[in-house]
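Step one of this worksheet: look at the structure below.
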Amino acid sequence: MAREIIVLGAGMVGVSVAWHLARRGHDVTLVDRREPGRETSFGNAGLIQREAVRPYPFPRDLATLVRVLPNREVDIRYRPGGMLRAAGPLLQYWRNSAPSRYRRLVPEYAALIRLCLDAHGPMIEAAGAESLVRRDGWLEVYRDTGKLAARLEDAEENDARFGVRYRRLEPEDLAAMEPSLSDDLVGAVHWQDSWSVADPGALVQAYASAFEAEGGRVLRGEVNDVAQDGEGWRVEIDGQAWQAADVVLAMGPWSRTWLERLGLSVPMFVKRGYHMHYGSADEARLNHWVMDAEVGYLLAPMRAGIRLTTGAELERLEAPAHHQQLAAAEARARELFPLGERLESTPWKGARPCMPDMKPVIGPAPGRRGLWCAFGHGHQGFTLGPATGRLLTQMMEGEAPEIDMAPYRFERF
């Protein structure tokens, strides 16, 4: 039976939830303080990562910890205030990264990732967004033969267990695909199944337009209050009250704040990230999305220019930007590819909502009938938004979801 539903948060996850609910005939209002796709979903690397069947563990080996400790790396930076603020969740994250626990988490995480292409496909078609998407994979490049060999072993196992297609590129293969890259590379892994998006924010906006075409409503405004009201919910937006039978909380890193106002808590922490767009020098051309795996940044040929994205920064959500990590990434990227000038005056900053067991929260909130959760996707909100929308809609409709949803339940914490 159709009912009124409010979805809070218009990133990839929230827009996808709203689209699936509207397709089922519900009266859906999608709410955000900004236009759809303008927060975390705007600034990511633009990859739909079918190969990402293993979540990012907390480093536990001594060599990595010693490397990271001086706080000068590109792949990870930390701020003492941010570390202290998230000490509890980070300790849980470290524990869950122990080999025995991590082995149990991988198949649960991979179950979601394996749905990503099948879930994005119908939304891309409905949104008429084919021009934004390429289906030729992306490249992970290496300078060290030992590290490349170890990565290829992982790739072989992932292919056997989870159907992840890949191809080893010898230096001559890589040079043929990317002639402008440095010649000190020993090879690469070509992840063949993943898709790339030339403008991530535009894809979310296209999905939002497809949601509106299904009869959905996009409302831009500040959420002032969320409260149970009898058998339903009351949401105050810019001082105006809206009623709904159900509310979906898909506000990414801001979800934790609203849960706390409702008397609930989750051990969420954030990994911040930065990006900048560049031109190309000397008529160089970048043909594929390229990750410098040993350093920890990614170059992506997007509509706005070549986007350089950094690794993770452990810092408070609303703390001021720190641009040293981006500067370090840029210096290393110029050794790999002849970047031109910066195309914007100020780097973009965003935050990934992360859970200590590396899996999102998808499903009902405990003790709050009609409140549903869809947050905590870490590095893969852009990849997993459509799959999350499909699964959560199945749950809200009282259907048996296509995969076991117990690993993502709120009560696991």
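What follows draws every value from the coordinates through simple rules; no lab data is involved. None of the values given here were measured: they were computed from a predicted structure. For neighbour counting, all protein chains shown are included, and Cβ atoms are generated from backbone atoms with ideal geometry for every residue, glycine included.
Values for this structure:
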read-out	value
Linear extension gain, Leu219 paired with Ala150, 0.36 nm per residue minus alpha-carbon span	20.0 nm
Charge sum, other residues only, whose C-beta stays under 10 Å from Ala10's C-beta, Lys/Arg counted +1 and Asp/Glu -1	+1
The range 282-298 residues near the modelled Arg143 label - backbone nitrogen below 19 Å, point 7 Å along Cα→Cβ	290-298
Gain in span if fully extended, Arg342 to Asp183, counting 0.36 nm per residue against the direct Cα distance	54.8 nm
Local electrostatic count, Tyr93, Cβ distance below 11 Å [Lys/Arg +1, Asp/Glu -1]	+3
Translational D in µm²/s for the chain (Stokes-Einstein at 20 °C, 1.002 mPa s, Kirkwood Rh from C-alpha pairs)	98 µm²/s
Positive dipole terminus of the chain, leading residue within Pro179, Met83, Pro401 (C-beta point charges)	Met83
Highest-MSF residue in the chain out of Arg303, Arg390, Arg50 [GNM, Cα springs under 10 Å]	Arg303
Cβ-placed point charges (K, R +1; D, E -1), dipole of the range 190-290 about Cα centre in debye, nearest 20	320 debye
Phi to ³J(HN,Hα) by Karplus 6.51 cos²θ - 1.76 cosθ + 1.60 over the range 337-345, Hz, x for Gly, Pro	8, x, 5, x, 6, 5, 9, 10, 7
R0 of 30 Å, Cβ-Cβ distance Glu335-Asp136: FRET efficiency to nearest 0.05	0.75
Estimated distance in nm for a label pair at Arg261 and Arg3, the labels positioned 7 Å out from Cα along Cα-to-Cβ	2.2 nm
Rounded to 10°, Cα long-axis angle of helix 324-336 versus longest principal axis of the chain	40 degrees
Selection from Pro360, Val290, Val218 lying farthest towards where the dipole of the chain points positive, charges on Cβ	Pro360
For the chain, calculated [θ]222 nm from helices alone, where every DSSP H run of n ≥ 4 adds -39500 (n - 2.57)	-10500 deg cm²/dmol
Net charge over other residues, Cβ less than 14 angstrom from the Cβ of Asp404 (K, R count +1; D, E count -1)	+2
Qualifying aspartates and glutamates (Cα of each under 12 Å from Cα of Lys271; at least 8 residues distant if same chain)	Asp75, Glu313, Glu315, Glu318
Scattering profile of the range 1-139 at q = 0.14, 0.16, 0.20 Å⁻¹ [log10 I(q)/I(0), Debye over alpha-carbon scatterers]	-0.97, -1.15, -1.31
Dipole of the chain, positive direction: furthest Cα of Tyr109, Gly239, Val28, with charges on the beta-carbon	Gly239
Nearest-0.05 FRET efficiency for Asp229 and Asp118, computed from C-beta distance (R0 25 Å)	0.10
Relative contact order (%) - the range 45-106, alpha-carbon pairs under 8 angstrom, separation at least six	46 percent
Ranking of Lys147, Lys349 by count of other Cβ atoms within 10 Å, fewest first	Lys147, Lys349
Intensity falloff of the range 121-266 expressed as log10 I(q)/I(0), Debye formula with alpha-carbon point scatterers, at q = 0.19 Å⁻¹	-1.12
Rounded to the nearest 20 debye, dipole of the chain from Cβ charges on Lys, Arg, Asp, Glu	1160 debye
Cβ charges +1 (Lys, Arg) and -1 (Asp, Glu), total dipole of the range 349-401, debye	220 debye
Residue of Ala244, Ala63, Ala328 that the Gaussian network model of the chain assigns the largest fluctuation, springs spanning Cα pairs under 10 Å	Ala63
Segment Arg161-Arg103, extension gain: residue separation times 0.36 nm, minus the distance between their alpha carbons	19.6 nm
C-alpha long axis of helix 87-96 to longest principal axis of the chain, angle in °	70 degrees
Percent antiparallel among DSSP beta bridges (both partners in the chain, rounded to 5)	70 percent
